[in-house]
Each structure stands twice: as structure tokens, then as C-alpha cells.
1. Please give me the summed charge of the neighbours of A:Met733: other residues whose Cβ is under 10 Å from its Cβ, Lys and Arg +1, Asp and Glu -1.
2. Around A:Thr592, with a cut-off of 12 angstrom between Cβ atoms, what is the net charge of the other residues, counting Lys and Arg +1 and Asp and Glu -1?
3. How do A:424-431, A:7-14, A:656-663 rank on mean C-beta neighbours within 10 Å, highest first?
4. Kindly identify the protein assembly as shown as rounded, prolate or oblate by the Cα gyration tensor criterion: order the square roots of the eigenvalues as a ≥ b ≥ c, call it rounded if a/c is under 1.5, otherwise compare a/b with b/c, prolate if a/b is larger, else oblate.
5. Tell me, A:Met689, A:Met205 in order of fewest to most beta-carbon neighbours within 10 Å?
6. Enter the mean number of other protein chain beta carbons within 10 Å of the beta carbon of each residue in A:24-37, as an integer.
7. Evaluate region A:649-757: find the radius of gyration of its Cα atoms, find its Kirkwood radius, and give the ratio Rg to Rh.
8. Return A:Val162, A:Val302 ranked ascending by Cβ neighbour count within 10 Å, so the fewest neighbours appear first.
Amino acid sequence: MAATDAQTSLRHAFGNVLAFFILILIGVLAFSIRLFSVIKYESVIHEFDPYFNYRVTQFLTKNGIYDFWNWFDDRTWYPLGRVIGGTVYPGLTLTAGTLWWVLNSLNIPLSVETVCVFTAPIFSAFASWATYLLTKEVKGAGAGLTAAVLLAMVPSYISRSVAGSYDNEAVAIFALIFTFYLYIKTLNTGSLFYATLNSIAYFYMVCSWGGYTFIINLIPMHVLLCIVTGRYSSRLYIAYAPLVVLGTLLAALVPVVGFNAVMTSEHFASFLVFILIHVVALVYYIKGILSPKMFKVAVTLVVSGGLAVGFAMIAVLVAMVAASPTMGWSGRSLSLLDPTYASKYIPIIASVSEHQPPTWPSYFMDINVLAFLVPAGIIACFSPLSDASSFVILYIVTSVYFSGVMVRLMLVLAPAACILSGIALSQAFDVFTRSIKLQLPSLSVDSHVNAGDASSESVVPDDTVKTDKTEDTHKERTSKKSKKKEKEPVEKPPSKSQIKKRLLVLPLETSIIAIVLLVLLGAFYVVHSVWAAAEAYSAPSIVLTSHSHDGLHVFDDFREAYAWLSHNTEVDDKVASWWDYGYQTTAMANRTVIVDNNTWNNTHIATVGTAMSSPEKAAWEIFNSLDVKYVLVVFGGLVGYPSDDINKFLWMVRIGGGVFPHIKEPDYLRDGQYRIDNMATPTMLNCLMYKLSYYRFVETDGKAYDRVRRTEIGKKYFKLTHFEEVFTTHHWMVRIYKLKPPKNRIRGKTKKTKSKASSKTVSKKQGIKKNPF
Amino acid sequence: MAKPSSASSSSSSTTKDAQDLLRALWSAYSATPSNLKIIDLYVAFAVFSALLQVVYMALVGTFPFNSFLSGVLSCVGTAVLAVCLRIQVNKENKEFKDLAPERAFADFVLCNVVLHLVIMNFLG
């Protein structure tokens, strides 16, 4: 017995050390698979939103935390400005800022940009370790390691956390998984210490991402599920009640959330379940101290009296909620719950490409093999069903629903899919390796731990019988069938534990082939993940490349344009463009913009959209009233860049038309089709966007062939009367125009009745801009 | 004739049931050990002061809302944590029989410290 004890503890120690080294390897894997963009392009910040976060981090590192907390930004949303301290989720910037500060105080002089670029890969390594911890709580260490390695490579998570993608999700997914881990740990152990840690981790999640509402609705749902299925226990109370109180307080501390933590419908579920769990706890307590007869009496009394009070309270609550037009939910949450809501009421949310529902192929692209393993994992979670595994099942079901609404939320599905696939794979490997282990004769001689000490006596005589046979058949591995036939009469008399094990033992060849196939499946997954990370998700979208017969072309037009702006314009000049480019313009060109990606003010965006859709003079008036000096337009017709402003133009019309009714979308469509060739409508051919995109385009190839729309344009030769072109980048991708100052005298027809007044007003008031509204 | 008597008898039976119930509850509760009774008294005090604050808010108005929230949530929070302590210290609870009551109390104190740090920050 002592020998087996020492053996088991040695085995456990060996297992723990192995798990530790595997975890380190998983961390290195998660970090390095995200470095493709740094190797292929350079260490640069990607896309649009990360540039805003980068600018905020720069401000934080330069000016310190108090100035950051109270920062009012006047370089954006001119002339409204934006309260940065109160409208940004500070978790990401504070994390990167702290990292930079710690490194610099250790005399490692990394620049802020480097820290920002590499924050996401570091936190994805942490996220895979958090997945290991969470799955270990649900099913055990083997499942934990499998889930961790799956999460390190899942393409959906890679897409939002490559090196350079400095966005909220980089740290938020780690915070999400870690909060769930601490919740499950509290549920399993019932320790108040872990409940405190859970609340602090939830606070970190609230700081990092607006998706924290997923947590504060999923956990009450799970508590409700446990209560309804009769799994209420005092550990559930300890896991849930302190989280609600501390969590609400901590959420209210973050300025972005503020009092929304107690006043919006997103949090009501947690309060309702909080009241419910107290009622249930009280019921269980009274049931415990009363005799059954008295308990029945109590139930009848309380039900009759309490129901009336309950109805009254519910009526009050319903009246309060129904008083607000959106029933207390915010626009973003409503667009998740009702997928058709955004397209009807909030065109800005509907226009973002990330907010569209995903297609079926995108599931296979983003979670690949896991899509097949998840149902197996769900079944594995049911045997046996514990609190933790019911939580994981609820998590996957809700995240599958939400991922079906918005493709951006595939990211929330990824950890759940990895956990369940890890469980499924680990169980499968368990069964197969156990089958092989029990059937290979050389291995069955050392009666392994699973055989159990109780059956050791009966195993020993069997082993002595077997050893004679194994010496004969030891060399004859190939004759597996004869081995099986000899073993069956031998193994029939063993003890009950052996019989129970036999039910889970599969034939040897099947197990070996199955293990080979599973490893192949994993290999396909790895190959796909590496391909996705290298080819599909590593594009920084600020630099574009294309391969042609004469080598690699690099399109660095965006940075060229922003550098031109920062060197050739005054510091206080205002630049107008569509809201996509706002963050990049403020961060790289350091100029004031009119609208940016935050899209918090629909009317302001509609103003810019109307200006882009109006003829030159009206657009000039609008831009002049906003003090705009330069207009920036992105045009992809020369090189075939498909995400340019002409392709986005219909959204500008829709958003502008939503606020200013004189812009009507059918005016720009010929027979319901959007065209820019010679069949386009006159409104389209005269609008500012058309003119600014195609001005002098005919000089490039003589025929003005637009490579994206694949036609020749309608109006080829025209002059600009109110704008002048100041810069066009190398591949004509970004074009910058300056507003011409108003003329000193007006030529041409002026009405005689108004001539005196108009000439006086023109001479006196030519400095005053006319507001067209 | 039979109906009013049955109605009065049912109402009297419900009042008798209510009295029996209250007596049974009282006798069962008196049997709990005194350390648990102290915790229960603390919980009752915390809930009572939360109710007082709500009444005060109803009288005076909600401005500054953060002070009201932090006050009420500190009372409710410490009541919840005391209930958790009671669950963990109660000797009849089989799940926590190998948890030392000192450890439970230390967890309680730690959680209260965190709660009140947050309250102090939020009080304004």
C-alpha cells in the first residue's frame, strides 16, 4: 500500500510539473501565433478604433491619471467636443499605461506604441491560462489543458487580438473568462474569499468592455436555473449575493456606467434574482427549523397573503419600466435582443459591418473543428451534471444565440466553444487511452491505479495466469485477435470494478484508429488556425499589399495623407471626412475632426452625410458653418480598393436623410440600382462625394474606368467651383480638398429688388457665415 | 346557516393557524445557539438602517444619488456578508464542517474591508 501511495503521489507530482510546462508552452504559442502582422508588415497599430485607444494611452502616459480622468477633448466632434473621462472604458488604457510605467521604472525603455501593440498577445496568453483554470473547475486538469490549447489558437479570438489590434476585446476576453472562473470556484468551494476576488475581477471586466452586461445577465440566469432545477445550496447564495452588491457598487464607480448600474434594464435581472434568492433562502431556512405540518400551514398563509403584495410590487415595477420608450434598455442591447431593431431605428448601428449577422461559412472559418466538438461537449457535461457544467452549457447556448445576431459576438462564443470542445476531446482521449491501456498485455501487468485497491487480490491471480500467456504472446503483437480470445475467459472472473470498466472499454484497433483520427483532427485545426492568423486576420488595414506579376506592391496611402496633413496644415485646422477616419486623423495627423468612430451624435454625423450628398454650393455652406478647412475623401477606383467612400455613400445618404428630409435616397438610385456611370441620376452626378472622388480621374487613363465599380464614370470632365484639390496620394486612395474662401464680389445675376440690400450685406457681412439651417 | 359559520370558522382557523405558526417559529428559533443570534441581530440592524435611509431619501429627494446608493448598498452589503458568515459558521451545515470559524470570520472581515473601501470612494 505504501508503495502504491508513493507511486500515486509521484505520478501526481509528475503530472503537475508536466501540466505546468505545458501551460508555459501554451502561453508562448498564444503569444507567437499573433505576431504574423508584425513580421509581415511592421509593428503598427491596426484599423480604426485602436488608434483612438492609442491616442488616449499616449495622453495618459504624458499627463498622468488625474488629467486623464478629467480630460475634455476638443480635437474631435468639433464644435461639441467629447468628455473622454466619462465616455471611455478605461480598462484597456489603464492596463497598457500601467504596463508601460512598470517597464519604464524598471529601466526597460519601451515606447508606448510598442506596449500598445503587444498588449493583446500578452493578454491572450493570460486568457488561455484562465481557460485552463475554468475548465479544470468544471471537468479536471486534462480537459483544462485541451481547452487552453484550443483557445490559444481559435481564429475568432486571434482576429480581435493580433499584435497591433489594440482594442477593448484584447483584455476584456481575459477578464470575462477569469470572472467566470472565479464564479465557478466560489460555487464549488463556497469560500467568501473567492467571492471577493470574483467581484474585483467583475470590476475589471466592467472597466474594460461594454459587453460586461453579458456577465451580469448570464450569472443571474444560471442562479435561476439552479434554483428551478432544485440545486439550491448555501454555496450558491455565497457565490451570488455578495457579487450583486459589490459588483453593482464597483460598476457604478466606473464613470461610463455610473448610475446606469442601477437604473437600466440590463441590470434588472440581477436585482430580481437577488430578491428571489433571498426568498428561496428564507424558505429553505424555515423549512429546516419547522416541522413538516407547520411548514404546510406557513406555505398556505404566505402564499395567500404574499401573492397580493407581490402583484402590487410587480405592477409598480412594470409601470416604471414601461414609462421609458425603450423599456429601459439601451439601443445596443435592444439591437441584440431584437435583431431587426437597428435596421429600423438606428441606421448607424445597422451600417457597421461588424454588426451584421454572420453567415454559416464564417462559423467554420472562426471556430473550425470546434463546431463539431461542441455538441459532444454538451453531452459530456450532462454526465454528471454539476453546477459548474450547467453553467458552461448555459454559457454556450446564450453565446450561440448572440453570435447569430452579430458577427462581432462570435468572439464571446469562442471561449465557450473551446471549453466544451476541450471537455469533449479530453473525455474521448480518456476512453480511448483507457481502452488501449487495459488491453495491451505488457501494460496490464502493472495494475494501474484505476483498477482500485479493492480488486487487487482478484487481479493478482489473473495476472499470474496472464504472465504465462504473455510470455508466449509477447512477441506476437500482430495476432491481436488470438490475444483477445485468450483474454476474454481470463478477464471474466475479475471483480466488479473490472466489470464496470469493461463497459467503457472499446476494442483495441478502434481505439488506436480513433486516437489517430483525433490527432489528425487536431492537426487540421492547427493548420487552419495558423493559416487564418497569417493570411486572413493579420492585415493592419492601414497598410495594404497586393501581389502581382512584378512583385509586391505596398499601398501606404493613408499614412501618406495623414503625414501630409500634419506637415502642411495649421494646428487648428478642421478636417471633415466620413466618421470612419476620425480616430486615425486625430491620432496620426493630429488635426481636429468633425465626426469620428464614436458615433455618439447622430445629428452631427447626419450633417456631414448631408454635406457629402449635396451639390457643391450647399455642401460648402454646411462645411463653412462648421469652420471646416479641409475635406478628406477615400477613393479606391484607381487601384480597386473596395472599402472607399463611394461604396459607403448610400449609408451617408440614409443617415443624412434620417435627420434632414430633403435628402431622399431614391434620388440617387436609377431604377433602384446604385450607379455612377452615365445612367446615374443627376443628383448623384452633382453631389459632392461624386465630384470629390472623380475630379480629374479621367487624366489617369483617359477613359476614367473605375476598377471597383467596373464601369466608366458618368461625368468625366468637370471643374470644382467651391473646393480646390490640395493633395492626392500616390495611388489616388486619399484625396484632400480645401474649401475655397468666399468670393469678394458676386458676379452674375442678382435680383434688382434685392441688389442694394444684398450688395450692402455682402460687403459688410462677408465674414459672417450663413447658417443654412 | 352553514355558510357563515364555516366562513367564520375558516377565518378563526386561519388566525389560529397563524398563531400556531408564530409560536412554532419562535420556539424553533430560540433553540439556535447564541453566536448565531448575535449575527442575526446584526443583520436585522443593517436592514433596518437601510430601510431608514430609503425613508429619508423618499422625504428629502435623491440628490446626491451616489451618497444614497453607497449608504443603502453598504447596509445591504454588510447584511449579505453577515448572512454568508452565519451560513459558514452554523454547525448544522454539513457542507462547511471542515471550515474553521476563524477562517470564515477572516473572509468576512476581508470582504467588508473591500466593500467599505469602495463605499468610501463612491460616497463623494
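None of the figures in this text is laboratory data; all of them are computed from the coordinates on show. Here the structure is a predicted model, which means the values were calculated and not measured. Using ideal geometry, Cβ is built from the backbone for each residue, glycine included, and neighbour counts are taken over all protein chains shown.
1. In short, -3.
2. Net local charge, A:Thr592 excluded: -2.
3. Result, highest mean first: A:424-431, A:656-663, A:7-14.
4. Here the protein assembly as shown falls in the oblate category.
5. So the residues, fewest neighbours to most, are A:Met689, A:Met205.
6. Per-residue shielding by partner chains comes out at 0.
7. 1.04
8. Lowest count first: A:Val302, A:Val162.
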